[in-house]
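Q: Before we start, here is the structure in question, set down as structure tokens.
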Amino acid sequence: MKNIFLLLAITTSIFFTACEGDPGPPGQDGGLVYAQVFEVDVNSYQYDPSNNTLYSSFYNYPFTVYESDVVLAYRYEGQDDIGNGETADIWTQLPQNIFYNDGTGDFFQYNFNNTFVDIQFTIEGNFDLTNIDPIHDTNQIFRVAVVPAEFAKTNPSMDELLEVMQADGSQIEKIEL
């Protein structure tokens, strides 16, 4: 009887240790995903008097952009001395407000609109923008960074959120407007 159990144990261990299938196909290499960047030189804007807005042409992305990607835009401000006779470009993220120092309280704002197909730059202000100093609406350089992203896999309801928080609706503070 001991021999049968011994034989059965050895056979079973050999059978299970020998069970190995063919390796699967190799997967794709992992790695870093970088944001893509390009620059746009806006030479002129068109004026929309009904909205008092200056707007550029639409610029298509030179690469594929997905609807979930994040678009950031920066305006070139000039260069700064970083020492040893070297300079570095100065970029300011949009939106960016510019205030006139003439005592009028006038200001304007560089901004942008985008889709996953193209981007457009705008200038909006609190004064008649046909009077804007030409240094602000000609030969403006913008840097556009498209950061890869994906939409969240879930869109939880309020009940699902409360369940995860182990709370009920009575614990939510209500604000009267």
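Q: Which condition from (1) surrounded by fewer than 10 Cβ atoms within 10 Å (Cβ to Cβ); (2) in contact with a strand residue (DSSP E or B) (Cβ under 7 Å, 6 or more places away or on another chain); (3) assigned to a loop (DSSP other than H, G, I, E, B) is the one that I82 breaks?
A: Tallying (1) surrounded by fewer than 10 Cβ atoms within 10 Å (Cβ to Cβ); (2) in contact with a strand residue (DSSP E or B) (Cβ under 7 Å, 6 or more places away or on another chain); (3) assigned to a loop (DSSP other than H, G, I, E, B), I82 fails exactly one: (3).
Q: Quickly run through the range 126-163 and pick out the residues that are outside any strand (DSSP E or B) and among the β-branched types (V, I, T).
A: Of everything in the range 126-163, those that are outside any strand (DSSP E or B) and among the β-branched types (V, I, T) turn out to be T130, I132, I135, T138, T154.
Q: Further question on the same structure: Would you tally the residues in the range 95-107 being of a type in the set (S, T, N, Q) and part of a strand (DSSP E or B)?
A: Of the residues in the range 95-107, 2 are of a type in the set (S, T, N, Q) and part of a strand (DSSP E or B).
Results for (1) more than 17 Å from S56 (Cβ to Cβ); (2) surrounded by 13 or more Cβ atoms within 10 Å (Cβ to Cβ); (3) without any contact (Cβ under 8 Å) to a residue 24 or more places away in the chain; (4) not β-branched (V, I, T), shown as yes or no for each residue.
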residue	(1), (2), (3), (4)
D89	yes, no, yes, yes
Q96	no, yes, yes, yes
D106	yes, yes, yes, yes
Y110	no, yes, no, yes
F116	yes, yes, no, yes
I119	no, yes, no, no
G125	no, yes, no, yes
D128	yes, no, no, yes
N139	no, no, no, yes
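Q: Take the conditions in a strand (DSSP E or B), of a type in the set (S, T, Y), under 30 Å from N51 (Cα atoms) and out of contact with any Leu (no Cβ under 6 Å at 6 or more places or on another chain) and apply them to Y110. Does it pass?
A: In short, no.
No lab work stands behind these numbers, since they all come straight from the coordinates. For clarity, every value in this text was computed on a predicted model and none was experimentally measured. Every residue, glycine as well, gets a Cβ built from its backbone with ideal geometry; the counts of neighbours run over all protein chains shown.
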